[in-house]
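See below for the structure under consideration.
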Amino acid sequence: MSLDIAAPRRSASTGIFARTISTYGQEFIILAAIVALFVVVGLIAPRFVSQTNLTSIFSGNAYIAVAAIGMSMVIISGHIDVSVGSLIGVLATIAGTLAVNGYPIWFAWCAPIAVGMVITSLIGVLVAYVRIPSIVVTLGMLSILKGGLISVTGGAWITNLPPDFLIAQFRLFGVPSPVWFMLGLTLVAAIFMRYTAFGRSIYAIGGNAEAARVAGIRVERQTVAIFAIHGFFAGIAAILFATQLQVIQSTVPAGLELTVITASVVGGVSILGGTGTVVGSTLAAILFAAIGSSLIFLNVSAYWLRSVQGLLILATVLADMARRRGVK
């Protein structure tokens with residue numbers, strides 16, 4: 001009798017484990033890679049796992065993870081935004097300009113977020129209602145934002161930032177605030193994507209927009225809302241980016257859009273839409289930061305990081321395509 005009872009329990013446990021691996025397999029792989037990287041490089045160069053360097057890895061790159069949350073939602077819905085790097089540069093400049101010109105600190109923080117949501121909502125309208133492919137719209141927006149930023153600022157740095165404005169330098173329980181933003185926003189976004197009707201609709205739209213429309217989802221309206229949420233996260237990322245140092249360079253961070261998109265895709269978000277999690281994108285952002293730092297400690301050119309990112313995104317896309325063929 002006991003054997004008959006135990007067998008279903010083992011079967012149920014095995015089923016739960018299999019579903020967990022199937023759903024979060026990419027996240028487990030990335031987490032294992034992060035742990036292995038810290039152990040191996042830490043043994044070779046102990047300073048790599050020092051508190052100072054760990055703070056730099058997690059805090060200095062948290063804004064990329066935050067931006068990747070919104071990007072993941074956009075890609076899961078079947079679209080992409082290649083202008084996110086330029087957008088973050090523009091929003092960071094807006095925040096710094098408002099702060100040094102005497103505007104209330106809360107306004108200098110909130111205004112860029114609002115502007116980011118307006119800009120990405122406009123992108124969403126052009127994609128959803130005008131039917132322009134997102135890659136085309138965001139390529140145009142990239143040029144507009146990058147050119148406009150350089151034209152208006154001349155590439156000048158913003159200095160004399162008020163100390164109260166530098167939120168990325170605040171600490172809570174000894175942990176830098178960007179880490180709290182990264183963890184908190186990832187958790188909230190993960191719950192939102194998994195347990196809310198809107199979050200599930202993002203997967204439905206990316207999986208099959210026509211089927212989602214037949215099911216009663218207002219695809220166009222939802223698409224605009226998804227891009228607006230993406231702008232919200234880009235705005236927060238811009239604030240974290242703008243406040244991590246004492247000055248803001250009024251230029252677009254080089255290669256930032258590639259890093260954000262790569263973090264989403266390598267984190268398990270299918271470039272074809274319909275699958276993925278924001279937890280994976282956050283872990284991938286941490287992995288890239290750790291790889292970049294490890295190259296320095298191993299006396300390897302940091303330019304190799306771009307090659308690693310390219311290889312990872314290519315391998316991830318190929319694996320995703322193979323998995324989809326297997327499902328069929």
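The values are calculated or read from the model by the stated rules, or taken from the named source; none is laboratory data. The structure presented is a predicted model; accordingly, all values stated were derived computationally and were not measured. We place every Cβ from the backbone using ideal geometry, glycine too, and count neighbours over all the protein chains shown. SASA here: full protein model, heavy atoms, side chains in, ligands and nucleic acids out. Shrake-Rupley method; radii C 1.70, N 1.55, O 1.52, S 1.80 Å.
Table for the structure above
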read-out	value
Selection within segment 81-114 - farther than 23 Å from residue 134 by Cβ and not in a helix (DSSP H, G or I)	101, 102, 103, 104
Selection within segment 42-55 - farther than 21 Å from residue 267 by Cβ and assigned to a helix (DSSP H, G or I)	42, 43, 44, 46, 47, 48, 49, 51, 52, 53, 55
Condition broken by residue 74, with the remaining ones in (1) outside any helix (DSSP H, G or I); (2) under 14 Å from the mean Cα position of the chain (by Cα) satisfied	(1)
Failed criterion for residue 243 (all others in (1) at pLDDT below 90; (2) buried (at least 24 other Cβ atoms within 10 Å of the Cβ); (3) in contact with a Phe, Trp or Tyr (Cβ under 9 Å, 6 or more places away or on another chain); (4) not aliphatic (A, V, I, L, M) hold)	(1)
Flag for residue 187 being open to solvent by less than 30 Å² (accessible area, probe 1.4 Å), part of a helix (DSSP H, G or I), closer than 23 Å to residue 64 by Cα and of a type outside the set (Gly, Ala, Ser)	no
Members of segment 276-314 that are of a type in the set (Ser, Thr, Tyr), buried (at least 19 other Cβ atoms within 10 Å of the Cβ) and not in a helix (DSSP H, G or I)	277
Residue that is least open to solvent (accessible area, probe 1.4 Å), among those in segment 152-168 that are polar (S, T, N, Q) and modelled with pLDDT of 80 or more	159
